[in-house]
1. Beyond 22 Å, how much of the Cα-Cα pair distribution for segment 211-300 remains, as a whole percent?
2. Quick query: amide H of S119 versus all other amide H atoms, modeled in the peptide plane; which residues come in under 5 Å with a sequence gap of 5 or more or a different chain?
3. How far is helix 74-88 tilted, in degrees, relative to the longest principal axis of the Cα atoms in the chain, given as a value from 0 to 90 rounded to the nearest 10?
4. Can you tell me which of 66-76, 344-354 comes out highest on packing, and rank the rest after it, using the mean Cβ neighbours within 10 Å?
5. Which residues in segment 130-159 place their backbone N less than 14 Å from a point set 7 Å from the Cα of I72 along the Cα-to-Cβ direction?
6. Provide the gained length on full extension for the span E36 to K287, in nm with one decimal, where the gain is 0.36 nm per separating residue minus the Cα-Cα distance.
7. Ordered by packing density, taken as the mean number of other Cβ atoms within 10 Å over each peptide's residues, highest first, how do 240-253, 15-28 rank?
8. From the Cα gyration tensor of the chain, with a ≥ b ≥ c the square roots of its eigenvalues, which class applies: rounded if a/c is under 1.5, or else prolate if a/b is larger than b/c, or else oblate?
Amino acid sequence: MINIFQNKLKNNLKILYIINSLELGGAEQIFFNILENRKKILIVTLISEGYFGNKLKNKGFKLINLNMKKNIFIIFKIFRLIQIIKKYNPEIVHTWLYHSNLIGGIASKLSGVKQIFWSIHHEFEYSNIFVFIEMKILSLLSYLIPNKIVYCSYSSKQSHILNGYNKNLSFIIENGISLEKFKPKKELRINLRKKLKIKKNCFLIGNISRYHPIKDHETLLKSLIILKKSKIFFKCILIGNGLSKCNVNLFNKIKKYNLEDNVILYGKSLNVHELLNAFDLNILSSKSECSPVTLLEAMASGVPSLSTNVGNAKNLIGNSGWIVETENPEALASCISYIANNRSKLVEKSKLGIKRVRSFYTREKMRLSYRALYT
């Protein structure tokens, strides 16, 4: 009887979500996956609706985009946000990512909202002085604004607490993915490799990311140079925003490294769940991550992962894959070479990865954790 009452309470809560944008991205995908069919939900995007925003609107969710830009008119957008919050009068405002935690948090506090939750999907780090200032402000505000701070990994929680965040409000809800979407499909593997012109004996490495220095494609490419010298027959497919021939800098670098025959620049894709099935090995070469969703997606698809030791990657992979240190092309190449020469190990690791995701990282388990958070 108590459980029935609690479920009704959860479903009737008026929740307002504030997120930077809903373009393609790991944190944005997790946000999309936690939302269930609730009548009393309003979503506000600060910058753009994007891919996931359109999908949510098609599902019947109400969404308002403020189209904020970094200019003098941003103050009017903030007043508009305060108006929206006061009019909707939510019981909970849940902000998602740093800018939303800052702007949405302040706007919600000024609007008199009693329950404000922050979500953080990054390790504590800053790339320039402006981000540094924002992070320091958020550290101070963590004692004044949120009632709960939600991290997606233990490493993220620790890095933020060490840099001044309020430790007493911390909750960890690990990422989860859809097992209906990400799963092994033998027929798809055969068809995709045929479409990509990948020969049966070719070792196919895949990397899913965006073109950004933090993803460290430089180290990956340098490891491929070493791999090529070892006479291993391989190809590496790069999937994501900016990983296409339109990226002149990247394309020229691949030519410079004499890797044109080994690297496939696939570019942005909305069908990553299908492409994964063609991989023999998934690689994450980043300098920094929090809790990479791509590792879980690969594992659920039966594709073992080799990752740099960043964020929560080691805990996610467990015994189902391999870990090497960051910015070390020799170590990365050595591990790829070992795997390529011992492909029977991929079968064992594949089974372990699928089992690990099903046990700990499902979308359903993640949703249950968020329901508990709101109770």
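1. 26 percent
2. Amide H neighbours of S119, under 5 Å, 5+ apart: T95, W96, L97, V150.
3. 70 degrees
4. Result, highest mean first: 344-354, 66-76.
5. none
6. That pair, E36 and K287, stretches by 87.0 nm at full extension.
7. Result, highest mean first: 15-28, 240-253.
8. Since a/c reaches 1.5 and a/b is larger than b/c, the shape of the chain is classed as prolate.
Every read-out reported here was derived from the displayed coordinates using simple, explicitly stated rules and does not represent laboratory data. In this text, all values refer to a predicted model and were calculated from it rather than measured experimentally. Cβ coordinates were reconstructed from backbone atoms using ideal geometry, including for glycine residues, and neighbour counts include every protein chain displayed.
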